[in-house]
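Worksheet: one structure, shown below.
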Amino acid sequence: MEDIAILWSSGSPESALWSEYLVASFDKIMSQRARHHYRVTPITAEELLTSESQEKIDKLSKAQLQIVILCPNLDTKLSDLKRELNTENLFKVEKVLVMLLGVEKNNVISNNCEDYPSIDQWQMMSVREKDTSFVDTFLTAAVGILRTKDCKDTAADRTSFSIVPKKVKIGQSRVIALLNDPIREEDSIKIMVDKKGEVINIPTFKKRNPYTLQFDIPESCLEVSMLVWVRVSKNGQSLGRRQIKCESRLRELDQLLRASDHPLEFMCQTLGFKTTNKEQLDSWMLSAFQKNIPPHFNLLSSTEQFNPKADVCSNEEYPTLLHWAARFGLERVCWQLLECPGGAAAAALRNANIRINKEQTFSLIRSIHM
């Protein structure tokens, strides 16, 4: 099931901008609050009216949250959607949230009440010029709809096992599943990790006793901080799922530095420097990095690193050490990292801030890279 579907019209440039902004906003909200990463699917009305639209229709109708960016262009297409798709209850009252973009609520209801009898019950909000509170109000309403659905899922939870610990990281990735009912010798057990929609099978695990399973979270889940679901099945029957937080080392460092009012001073004190000296910190970290570079590290270089993929984004603020060094102005470290294999790819990788504001953290990396 898709979590969030955004319906808009490709004939409206303003709707396209709002769709892109909402996708970025949901990514940022979920990463900051460490919540389940909702899958967001933008869908245009024009796509739904094509002959190969069934997949898009299913995603829209099954979404937990249906956002409709209703501009004049889409308003005229609502009746076409009803007629061409011939689907009942495409929009659910408890799931739909409408952004009125250049249209009036009363006119929308009167124009579409015959095709959509429950349209007067849809939650609608009008975009107003110079209203800075609109975005917060709209996103709050959207998260409220998702939270209502999550609460219903929790109330109906039939998961028959628990997980310890609740948080893992590199070097501490071992997890234990404690089952409510014992496992027999002839039972077939399957363990899977759901990583943002990608299902990873756990091929090896240990049965410590009839109630205990021990396994390791895959390293691919520990590269950046994220929430994953652990699923267990017995003899083909699901025992439910439990959520685990996977935390990257840079995220841990990020949290320590965020907790300090003066992060540079904090780092200098931690390393035993008598004064807060960024130049000294930069030189010390460069020396420490160079001492830990493996022999013949340059052999990992390839021609592809000089032509990194464009428009690659990460939801992390510090997806690489280069981003972290650039954030605190450690220029010598940045130069060293750029010369390492993968340095160009790291510099081309846009972090979470860049998706919202291109003038923030990444500026130093850009200036060095140029």
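Descriptive notes on the structure:
- Legend: distances between Cα atoms for K169/K234; K167/K207; K59/K105; K28/K195; pairs beyond 19 Å are K169/K234; K167/K207; K59/K105.
- For K105, net neighbour charge (Lys/Arg +1, Asp/Glu -1) across residues whose Cβ lies under 14 Å away: -2
- Taking Lys and Arg as +1 and Asp and Glu as -1, the other residues whose beta-carbon sits under 10 Å from that of W229 total +4.
- Neighbours of R184 by Cβ distance under 13 Å: Lys/Arg scored +1, Asp/Glu scored -1, total -2.
- With all projection directions averaged, the alpha carbon convex hull of the range 161-246 covers 5.1 nm².
- Cα gyration tensor, the range 57-117 - rounded (a/c under 1.5), prolate or oblate: oblate
- From most to least packed by mean Cβ count within 10 Å, the peptides 201-212, 91-102 give 91-102, 201-212.
- Label sites at S162 and K245, each approximated as a point 7 angstrom past Cα along Cα to Cβ, lie 1.8 nm apart.
Read the figures in this text as sums done on the coordinates, not as results from a lab. This structure is a prediction, so every number in the text was calculated from the model and none was measured. Cβ atoms come from the backbone with ideal geometry, glycine included; neighbour counts cover every protein chain shown.
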